[in-house]
Amino acid sequence: MAALPTPDELASWVADVDDRQALVASLRQSDPEAVLNYYRANIPLGRVPDIGPLPLIRAPTLALFGTDDPYVPASAFDGTFREVDNVSSVLALPGAGHFIHHQAAAFVTREIEAWVAQPPSNFRHLA
């Protein structure tokens, strides 16, 4: 089994020095196994049960992601328009990673505010 990342490695994405130190201090007081168990319980790699087809998402949906996310590849969004039965906005930010809301806070805020200001869509897939 691979070694768990250190608190310093886990906090390396935080640009602000004070915020990074606060996160490292918090992580040092945490149990790494407990943190990982959240992901193990919700994303059981190789053990996803077949629960059959899921209903389409009917709510308007906005997806923002970084193209350089080491954990969620851009290809994870390929099926978005097949799974969301409403107009979706899928925006990729080149060069951003997993924590796009930290790495490009102004971009994320601007896009969310613009999207929320739009009237809700009543689009539905054609059957």
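The values are calculated or read from the model by the stated rules, or taken from the named source; none is laboratory data. A quick note: this is a predicted structure, and the numbers were derived from the prediction, not measured. Heads up, the Cβs are rebuilt from the backbone with ideal geometry, glycines too, and the neighbour counts pull from every protein chain shown. With ligands, DNA and RNA removed, areas are computed over all heavy atoms of the protein, side chains included. Shrake-Rupley method; radii C 1.70, N 1.55, O 1.52, S 1.80 Å.
So, in the range 1-11, how many residues would count as being assigned to a loop (DSSP other than H, G, I, E, B) and surrounded by 11 or more Cβ atoms within 10 Å (Cβ to Cβ)? Break it down stepwise before answering.
Taking the range 1-11 first, the residues assigned to a loop (DSSP other than H, G, I, E, B) are 1-6, 11.
With the extra rule that they be surrounded by 11 or more Cβ atoms within 10 Å (Cβ to Cβ), the set shrinks to 4-6, 11.
Qualifying residue count for the region: 4.
Among the residues of the range 20-32, write down those that are part of a helix (DSSP H, G or I) and at pLDDT 85 or above.
First, the residues of the range 20-32 that are part of a helix (DSSP H, G or I): 20-28, 32.
Hits for the range 20-32 are Arg20, Gln21, Ala22, Leu23, Val24, Ala25, Ser26, Leu27, Arg28.
Filter the range 97-122 down to residues that are open to solvent by less than 90 Å² (accessible area, probe 1.4 Å) and in a loop (DSSP other than H, G, I, E, B) and give me whichever is modelled with the lowest pLDDT. Full working, then the answer.
Of the range 97-122, the ones open to solvent by less than 90 Å² (accessible area, probe 1.4 Å) are 97-100, 104-109, 111-112, 114-115, 117, 121.
After this cut, where a residue has to be in a loop (DSSP other than H, G, I, E, B) as well, the list is 97-99, 104, 121.
Details: Gly97: 90, His98: 90, Phe99: 90, Ala104: 92, Ser121: 68.
The residue in question is Ser121.
Tell me which of these Asn37 doesn't satisfy, since it passes every other one: (1) over 30 Å from Trp115 (Cα atoms); (2) under 20 Å from the mean Cα position of the chain (by Cα); (3) open to solvent by less than 70 Å² (accessible area, probe 1.4 Å).
(3)
Give Val14, Val35 a once-over and let me know the one that is touching a residue at least 60 places away in the same chain (Cβ under 8 Å) and either at negative phi or assigned to a loop (DSSP other than H, G, I, E, B) (or both).
On the way: Val35 fails: touching a residue at least 60 places away in the same chain (Cβ under 8 Å).
Answer to the selection: Val14.
Can you tell which of Arg58, Arg28 is open to solvent by 90 Å² or more (accessible area, probe 1.4 Å) and in contact with a helix residue (DSSP H, G or I) (Cβ under 7 Å, 6 or more places away or on another chain)?
Numbers: Arg58 fails: in contact with a helix residue (DSSP H, G or I) (Cβ under 7 Å, 6 or more places away or on another chain).
Checking each option against the conditions leaves just Arg28.
For residues that are open to solvent by less than 80 Å² (accessible area, probe 1.4 Å) and closer than 21 Å to Asp68 by Cβ, tally how many sit in the range 13-25.
Adding up the residues that qualify gives 5.
Considering only the range 71-96, state which residues are under 20 Å from Val108 (Cα atoms), modelled with pLDDT of 85 or more and in a loop (DSSP other than H, G, I, E, B).
Across the range 71-96, the qualifying residues are Val72, Pro73, Pro94, Gly95, Ala96.
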